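Input: a single structure, listed below in structure tokens.
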Amino acid sequence: MKILMVCLGNICRSPLAEGIMKTKVPDSFFVDSVGTISLHEGEHPDKRAIKTAANHGIDISKQRSRPITNEDLENFDKIYCMDIDVYEDVISKAKNEEQRQKIFLFLEIFGDHENAEVPDPYWGDMNDFEDVFQLLDKGCDAILNHLKINN
Ligand code: 4NP
């Protein structure tokens, strides 16, 4: 199973989602993250995201931002988008129905499509990053439960 987490810059939300998900899945899984923009390409995650993950014993410091590619849409099995703008951007890149079927809003697992957005902590403070961590942690559990992966 190959899981891709997607946000805007790939320096705050999706790196955290990648780091959290990696702690919960079997070795046979591959988890990665990308952004829809290339503004931060090659950069490590935001310092506040690195610190928040480290507070929970997770090292995301070696990740590097990269933008999503057409190959990602082909290669990954499940693609989870952090907010609706990101979701619409990724859907617009899909070439066929098979690709569209892989693309989800990360929080839609909780059933409320309207409110299924992971808020962007980029303009916030450490409390916002911690709130996002908790939301992502719950979401990862719910996704794995749905995929019938015991963790
Ligand atoms: P992310 O947060 O999408 O969670 O990585 C952002 C990072 C950078 C910017 C916006 C959001 N930016 O505008 O540079």
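Take the conditions within 16 Å of the ligand (Cβ to nearest atom) and in a loop (DSSP other than H, G, I, E, B) and apply them to G57. Does it pass?
Numbers: within 16 Å of the ligand (Cβ to nearest atom): no; in a loop (DSSP other than H, G, I, E, B): yes.
When the stated conditions are applied, G57 does not pass them.
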Inset, instruction - Would you check if there is a residue in segment 127-142 being away from the ligand (no atom under 13 Å from the Cβ), of a type in the set (A, V, I, L, M) and either buried (at least 18 other Cβ atoms within 10 Å of the Cβ) or touching a residue at least 60 places away in the same chain (Cβ under 8 Å) (or both)? - result: no
Legend entry - Checking I103 against (1) more than 12 Å from the ligand (Cβ to nearest atom); (2) open to solvent by 20 Å² or more (accessible area, probe 1.4 Å), the condition it does not meet: (2)
Inset, instruction - Please find, within segment 19-54, the residue that is nearest to the ligand (Cβ to nearest atom) out of those that are within 15 Å of V86 (Cβ to Cβ) and open to solvent by less than 10 Å² (accessible area, probe 1.4 Å). - result: G35
Legend entry - Filtered residue count, segment 1-18, keeping only those that are away from the ligand (no atom under 14 Å from the Cβ) and part of a loop (DSSP other than H, G, I, E, B): 1
Inset, instruction - Kindly indicate whether any position in segment 76-94 is part of a helix (DSSP H, G or I) and under 18 Å from M21 (Cα atoms). - result: no
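It is to be established whether one or more residues within segment 24-34 are of a type in the set (S, T, Y), over 11 Å from the mean Cα position of the chain (by Cα), within 19 Å of I103 (Cβ to Cβ) and modelled with pLDDT of 95 or more. First the steps, then the outcome.
Taking segment 24-34 and keeping what is of a type in the set (S, T, Y), we get 28, 33.
Then keep just the ones that are over 11 Å from the mean Cα position of the chain (by Cα); that gives 28.
Now narrow it down to the ones that are within 19 Å of I103 (Cβ to Cβ): none.
Checked segment 24-34: no residue is of a type in the set (S, T, Y), over 11 Å from the mean Cα position of the chain (by Cα), within 19 Å of I103 (Cβ to Cβ) and modelled with pLDDT of 95 or more.
The values are calculated or read from the model by the stated rules, or taken from the named source; none is laboratory data. Keep in mind that this is a model prediction, so the values were computed, not measured. Every residue, glycine as well, gets a Cβ built from its backbone with ideal geometry; the counts of neighbours run over all protein chains shown. Quick note on the areas: whole protein, heavy atoms, side chains included, nothing else; ligands and nucleic acids left out. Shrake-Rupley method; radii C 1.70, N 1.55, O 1.52, S 1.80 Å.
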